[in-house]
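A short worksheet on the structure shown next.
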Protein chains: 2
Amino acid sequence: MSTLISSVDYLPGISIDCVIFGFHDNQLKILLLNFKSTDWLAVPGGFIKESENLEEAAQRILEERTGLTNIYLEQFHVFGDRNRRDNEVMKSAMAAGGNIIGPDHFLMRRFISIGFYALIDFTKATPTPDIHSDTCEWYDIKEIPTLIYDHSLMVSKALETLRFFLDEKLIGFNLLPEVFTMNDLQNLYETILDKKLLRTNFQRKMLSLGILERLDKKMTGAANKAPYLYRFTGK
Amino acid sequence: MSTLISSVDYLPGISIDCVIFGFHDNQLKILLLNFKSTDWLAVPGGFIKESENLEEAAQRILEERTGLTNIYLEQFHVFGDRNRRDNEVMKSAMAAGGNIIGPDHFLMRRFISIGFYALIDFTKATPTPDIHSDTCEWYDIKEIPTLIYDHSLMVSKALETLRFFLDEKLIGFNLLPEVFTMNDLQNLYETILDKKLLRTNFQRKMLSLGILERLDKKMTGAANKAPYLYRFTGK
């Protein structure tokens, strides 16, 4: 029988779920766990220790699942509907993992979950299952199967938030190399927003945000055709 | 000794705090409670019943403090820092209200609070203190004293959210009469944003949102000088 978490270690009735977006090379994915011996897929989650602030708990969960530290994470919504979790699913998932839990167990109570989202370069992560899961893997954002509980809703709300705040959070996400072209930036936007953007409009908008510094053109044999390079100001 | 809430009635360790903005006639205020026999001011709060969804709990708290039902309320942030509440303040406030609480009491535990905000017409509310408070009153947004715990932070985050989403939430807030002038709308924006806006820019922006329907000018003696009237589309 594997180790099961207990209510002694964590704050009761509150969980954290992390929608971890991974970007690389025009692809946007999310990290999902597959509950042991079931078809159930879920976003990575965990609980909050008495000694932790919320953001610290979310960082720990992210690190446990990806090996990454100091990642920009932000809460985006609290999910607290009375019936958001089907406890039969929880019970079966635990049983499949070798843990029999009774109706009074900590995990069978009502949980309110604080959703955090992060956006990382997925090639830098080492996905690692938790004790209740067989696998921890990247799924293309366009091919996400149905998830347990309200986790499909979590993903769609997180994606909406990611898209909405992209201009503001861009620097924090740290997804581009130190210097990049306008084309690199546009590819990132088009992938995350899942739509084509007009080059001139995009360039005008990005320059108007005041977060880009244009560097000298690199002098090559075909200098005039070389694209301008940019970096984020204040970096 | 007055009635004290117990952990039997509510979910443990989770509270809701409501930043209730009141608008009327170019004034923006917030509703604050004054803890019994102290100088401590706080935004109205409460707890979540096992039978309630989060939004239902927030609606109940809002109704208890203002008498208003069916108000547009939205969560904006979760406040969960380990040391966000000073329990000595809580103990003294309870004692001032005639309730002696020991270190193991439900209220002395760590609480994570979900912040909700609402914007109402303050002339329509009937502010009502809770069992821990002497008064429940409107304070001008520009003259808010220091609040207990992290409640000053809650107010500033709520105000930031209110301003940021004003365009999108405007119709839901239901603060204008059925028909109104562009001037009425601009006054509302200027009050909430606390800055003067250029009339032509404001008008262009509002019309571009696609939420306004322009009505015929009311024919009066000075028809040409009468302002256009608008209403929200889809209402």
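The values are calculated or read from the model by the stated rules, or taken from the named source; none is laboratory data. What you are looking at is a predicted structure, and each value in this text was computed from that prediction instead of being measured. Using ideal geometry, Cβ is built from the backbone for each residue, glycine included, and neighbour counts are taken over all protein chains shown.
Within segment B:35-61, how many residues turn out to be away from every other protein chain (no Cβ under 13 Å), surrounded by 20 or more Cβ atoms within 10 Å (Cβ to Cβ) and assigned to a strand (DSSP E or B)? Explain how you work it out, then say what you get.
Within segment B:35-61, the first condition is being away from every other protein chain (no Cβ under 13 Å), and the residues that meet it are B:35-46, B:59-61.
From what's left, surrounded by 20 or more Cβ atoms within 10 Å (Cβ to Cβ): B:35-36, B:40-45, B:59, B:61.
Adding the requirement that they be assigned to a strand (DSSP E or B) leaves B:35, B:41-42, B:45.
Number satisfying all stated conditions: 4.
If you check B:L147, B:L153, which single one turns out to be over 27 Å from B:L198 (Cβ atoms) and part of a loop (DSSP other than H, G, I, E, B)? I'd like the intermediate steps shown before the answer.
Details: B:L153 fails: part of a loop (DSSP other than H, G, I, E, B).
Criteria check complete, one pass: B:L147.
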Fill in: Test result for A:D17, within 10 Å of chain B (Cβ to nearest Cβ), in contact with a helix residue (DSSP H, G or I) (Cβ under 8 Å, 6 or more places away or on another chain), touching a residue at least 60 places away in the same chain (Cβ under 8 Å) and closer than 17 Å to A:S156 by Cα
no
Discussion item. One residue is enough: does segment B:90-104 have a residue meeting the conditions touching a residue at least 60 places away in the same chain (Cβ under 8 Å) and among the hydroxyl-bearing types (S, T, Y)?
Written reply: no
Worksheet entry | A:M108 being within 14 Å of another protein chain (Cβ to nearest Cβ), surrounded by 15 or more Cβ atoms within 10 Å (Cβ to Cβ) and at pLDDT below 85 | yes
Discussion item. I need a count of the residues in segment B:186-201 that are surrounded by fewer than 16 Cβ atoms within 10 Å (Cβ to Cβ) and either in contact with a Phe, Trp or Tyr (Cβ under 8 Å, 6 or more places away or on another chain) or in the same structural domain as B:S156 (by TED's automatic domain parsing) (or both).
Written reply: 1
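Can you pull out every residue in segment B:22-46 that is closer than 24 Å to B:F173 by Cβ and either among the aliphatic types (A, V, I, L, M) or not assigned by TED's automatic domain parsing to the domain that holds B:F116 (or both)? Talk me through it step by step, then tell me what you get.
Filtering segment B:22-46 for residues closer than 24 Å to B:F173 by Cβ gives B:22-33, B:42-46.
Hits for segment B:22-46 are B:L28, B:I30, B:L31, B:L32, B:L33, B:A42, B:V43.
Here are A:F116, A:F47, A:F106: which of them is of a type in the set (F, W, Y) and in contact with a Pro (Cβ under 8 Å, 6 or more places away or on another chain)? Lay out the reasoning, then the answer.
Numbers: A:F116 fails: in contact with a Pro (Cβ under 8 Å, 6 or more places away or on another chain); A:F47 fails: in contact with a Pro (Cβ under 8 Å, 6 or more places away or on another chain).
It is A:F106.
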Item to complete: Could you tell me whether any residue of segment B:64-74 is buried (at least 17 other Cβ atoms within 10 Å of the Cβ) and over 21 Å from the mean Cα position of the chain (by Cα)?
Response: no
Practice prompt. Among what's in segment A:191-203 and is free of Cβ contacts under 8 Å to residues at least 40 places away in the same chain and part of a helix (DSSP H, G or I), pick the residue that is nearest to the chain's Cα centre (by Cα).
Written response: A:L193
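Listed here are the residues, each with its yes/no results for (1) within 22 Å of B:I61 (Cα to Cα); (2) in contact with a Gly (Cβ under 7 Å, 6 or more places away or on another chain).
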site: B:R110; (1), (2): yes, yes
site: B:F116; (1), (2): yes, no
site: B:I120; (1), (2): yes, yes
site: B:F164; (1), (2): no, no
site: B:F173; (1), (2): yes, no
site: B:G210; (1), (2): no, no
Worksheet entry | Residues being in contact with a strand residue (DSSP E or B) (Cβ under 7 Å, 6 or more places away or on another chain) and either within 25 Å of A:D9 (Cα to Cα) or modelled with pLDDT under 90 (or both) - total across segment A:119-134 | 7
Discussion item. More than 14 Å from every other protein chain (Cβ to nearest Cβ), under 19 Å from B:L62 (Cβ atoms), exposed (fewer than 14 other Cβ atoms within 10 Å of the Cβ) and not acidic (D, E): is that true of B:K142 in this structure?
Written reply: no
Worksheet entry | Residues satisfying the stated conditions in segment A:1-57, i.e. at pLDDT 95 or above and of a type in the set (D, E) | A:D17, A:E52, A:E55, A:E56
Worksheet entry | A:I30 within 14 Å of chain B (Cβ to nearest Cβ), in contact with a Phe, Trp or Tyr (Cβ under 7 Å, 6 or more places away or on another chain) and either of a type in the set (V, I, T) or part of a loop (DSSP other than H, G, I, E, B) (or both) | no
Worksheet item: Is there any pair linking a residue in segment A:23-42 that is closer than 30 Å to A:L197 by Cα and of a type outside the set (D, E) to one that is modelled with pLDDT under 90 and in a loop (DSSP other than H, G, I, E, B), with Cβ under 8 Å and at least six apart or on different chains, and which?
Response: A:F23/A:L175
Fill in: Subset of segment B:62-96 [more than 14 Å from chain A (Cβ to nearest Cβ), under 20 Å from B:L41 (Cβ atoms) and at pLDDT 90 or above]
B:L62, B:E64, B:R65, B:T66
